[in-house]
1. Among the trypsin sites (Lys or Arg not before Pro) within region 269-351, which fall in a DSSP loop and have no more than 16 other Cβ atoms within 10 Å of their own Cβ?
2. Taking H as built 1.01 Å from N, whose amide H comes closer than 5 Å to the amide H of D108, not counting residues under 5 places away?
3. Quick one: net charge around D299, please, counting Lys, Arg +1 and Asp, Glu -1 for every other residue with C-beta under 12 Å from its C-beta.
4. When the Karplus curve 6.51 cos²θ - 1.76 cosθ + 1.60 is applied with θ = phi - 60°, which whole-Hz ³J(HN,Hα) does each residue of region 145-155 get, with x for Gly and Pro?
5. If the chain between H380 and R333 were fully stretched, how many nm would it gain, using 0.36 nm times the residue separation less the Cα-Cα distance?
6. With the Cα gyration tensor of region 284-408 giving a ≥ b ≥ c as the square roots of its eigenvalues, does the rule (a/c under 1.5 for rounded; else a/b larger than b/c for prolate; else oblate) give rounded, prolate or oblate?
7. So how tilted is helix 2-28 from the main axis of the chain? Cα-based, degrees 0 to 90, rounded to 10.
8. Determine by what factor the alpha-carbon radius of gyration of the chain differs from 2.2 N^0.38 Å, reporting the quotient.
Amino acid sequence: MLYHLHEFTRTLMGPWVYAAQANARMFAARDSWLSWLPGAQRIAAANELLYRIGKDYEKPEFGIRTVEAHGHVLPVVEIEVARRPFCRLLRFKRYSDDARVIEDLHDDPKVLVVAPLSGHHATLLRDTVRTLLRDHKVWITDWIDARMVPLAEGPFHLDDYVEYIQDFLRQLGAGDLHVVSVCQPTVPVLAAVSLMAARGEPVPRSLTLMGGPIDPRRNPTQVNDLATTRPLSWFRSQLIHEVPPNYPGAGRKVYPGFLQHAGFVAMNPGRHASSHWDFYQNLVRGDLEDAEAHRRFYDEYNAVLDMAAEYYLDTIRIVFQQHLLPQGKWVVRGEPVRPERIRDCGLLTIEGELDDISGRGQTEAAHALCAGIPRSRAHHLTVEGAGHYGIFSGRRWRERVYPRVRAFIREQHAIGPRGR
């Protein structure tokens, strides 16, 4: 019922929101007589702020058109190479007509970026992908909003997530691949590779796990505390709702994105209120560069997706309440998850010093679990001054984290599969 009420309210407010958008344009446009009235700039700024607070945010584009690689600016084309009901596998392919550049591109390592399915779209990793494209062939998991998946496609559990990752690894050739997982997928990625190693299948040459809850018992954050202070029945009764009839996934039970977004904002309400006030002030002063930066950030931050209820509840129970992975008790489709079976793979864990989502030590815990990986191939990086997003996006990612990731991938690529 809550989801239906949300949609009704959004529809009811629609005319007011888009009237605010029209007013903002009329009072800001230089060719409009309204823009010359006293106070017009403040009226335009107030209306745009109202519009952006009330508007519906669609999934953004990756928008990666070019990249500088090997000293050349190359066009980039986004290609869908595989599709499952709840996920697309995308490749960002670089092109060149120069034979020497083509030869350089051919030798670049293959990297699969596993994006989180935790509320935001995979486009949140746009900066991660763009930076990796300088020196790598890059693929990414693009998770599909559960409200857009017809009920006939069936449920989606955490076990299905693990299976999707295994399928993508096999399709891309795991033995010649490097995997970078950010936040939530560090857990299912480690499970997927553990299961493949136990079966004797080829595994990736390297795993880079960034800011994820491998063992949430270490330095619990506000996110971890929420999961452990309420029973699973509370999450099921309070946070799970049916998709309304106006979406392809009508009737599917989901954890709605608008609830997840409210949780994100509630973690730092003062910071968001201050950011919106600064946006208003920037518009009044005519500081268009800072105003545009605000728009870009919130176009991404406010664009959220619904998660299948089965997957969300599985994650709460398995990862945050029962801690099955670090305790060695996780079983996926009848097979035990044994990270110690991983041997022919490098491991790099990365954490932000100030991460308030995955606390320090939670990702580093992977090293103790992956006891079969030689210590010479296992590394850890703590990024001083970085929060959760700073380890995969922004200046710290580009200048401090990426050089370490690039060097690690090159080092593991040189070792080759099965240590040869």
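1. Details: sites: R271, R285, R295, R296, R317, K329, R333, R341, R343; in loops: K329, R333, R343.
Hits after loop and neighbour filter: K329, R333, R343.
2. none
3. Details: positive: R52, K55, K59, R126, R295, R296; negative: D56, E58, E61, E292, E300.
After counting each charged neighbour, the total is +1.
4. These are the phi-based 3J(HN,Hα) values: 4, 4, 6, 9, 9, x, 4, 5, 6, x, x Hz.
5. Working: separation 47, 0.36 × 47 = 16.92 nm, distance 3.09 nm.
Contour length minus Cα-Cα distance gives 13.8 nm.
6. On the way: a/c = 2.90, a/b = 1.49, b/c = 1.94.
Oblate shape, in that a/c is at least 1.5 and b/c is the bigger or equal ratio.
7. That helix lies at roughly 60 degrees to the long axis.
8. Against the empirical 2.2 N^0.38 Å value, I get 1.04 for the chain.
Rule-based calculations on the coordinates, nothing more; no lab input. The model shown is predicted, which means the values in this text are computed figures rather than measured ones. Note: ideal-geometry Cβ built from the backbone for every residue, glycine included; neighbour counts use all protein chains shown.
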